[in-house]
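For reference, the structure I am asking about is given below.
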Amino acid sequence: MPGVGKSTIGRRVARELGWSFIDLDHEIERQAGCSITAFFSNRGEASFRDLEAQVLRQCVASATSVLATGGGAVLRADNRQLLRGATRCVYLRATPEFLWARLKHDRRRPLLQGGNAKERLWHMALQRDPLYVLAAQHVIDVEPLTLSMTVQAICARLG
């Protein structure tokens, strides 16, 4: 989900394991030549999801790396199958309340802009949680854990 700490945690896990780190959103922005917010605004979510799937396939082909996907990558069945079959996917799970506390002032996330952002986050969580579970080999509830504890839990499962 947005705000769970995928990039921060992913960087730390990669460093701990001596692997490279890839942030899917940054790679998408690099290939698109603009921010995700601008891409959403100019081309729409469907075009973004097409590009996201293409870049995800490219990134998964990278050996021995930690990949932080965007929160919506699991919306497509092909992406879920790719993550489940070609990676050791870890779902970092948190409640919508926890995520809202982190995201309520964030203006960078296109799907959480405008009125009723908190309600949209709840809806996203209800829709996406089962999809994340389908894609993942490991589920880690991050709320009770510190950053270091989360990193160590992931490394223990992957290392």
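Here, each number is a calculation from the coordinates, and none is a lab measurement. These numbers were taken from a predicted model, which means no experiment stands behind them. As a convention, Cβ positions derive from the backbone with ideal geometry for all residues, glycine included, and neighbour counts pool all protein chains shown.
Counting helices only, and only those DSSP H runs with n ≥ 4, report the 222 nm mean residue ellipticity of the chain as the sum of -39,500 (n - 2.57) divided by its residues, in deg cm²/dmol to the nearest 500.
-19000 deg cm²/dmol
What ranking of T87, T95 emerges when the number of other C-beta atoms within 10 Å of each C-beta is taken as an exposure proxy, fewest first?
Least crowded to most crowded, the residues run T95, T87.
With viscosity set to 1.306 mPa s at 10 °C, what whole-number translational diffusion coefficient in µm²/s follows for segment 6-158 from Stokes-Einstein and a Kirkwood radius over Cα pairs? Before the final figure, lay out the partial values.
Numbers: Rh = 16.2 Å.
Result for D is 98 µm²/s.
For segment 1-46, what Kirkwood radius comes out of the mean inverse Cα-Cα distance, in Å?
Evaluated on segment 1-46, it is 12.0 Å.
Quick one: putting +1 on the C-beta of Lys and Arg, -1 on the C-beta of Asp and Glu, what dipole do you get for segment 28-159 around its Cα centre, in Debye to the nearest 20? Kindly include the intermediate steps, with their values, before the conclusion.
Values: 18 positive and 11 negative charges, 26 e Å.
Using Cβ point charges on Lys, Arg, Asp and Glu, segment 28-159 gives about 120 debye.
Filter the trypsin sites (Lys or Arg not before Pro) in segment 40-115 down to the DSSP loop ones having no more than 13 other Cβ atoms within 10 Å, then list what survives. Kindly include the intermediate steps, with their values, before the conclusion.
Numbers: sites: R43, R49, R57, R76, R80, R84, R88, R93, R102, K104, R107, R108; in loops: R76, R88, K104, R107, R108.
In loop regions of segment 40-115 (DSSP not H, G, I, E or B), the sparsely surrounded trypsin sites (Lys or Arg not before Pro) are R88, K104, R107, R108.
About its Cα centre, what dipole magnitude does segment 1-58 give when the only charges are +1 on Lys and Arg Cβ and -1 on Asp and Glu Cβ, stated in debye to the nearest 20?
With only Lys, Arg, Asp and Glu charged at Cβ, the dipole is about 160 debye.
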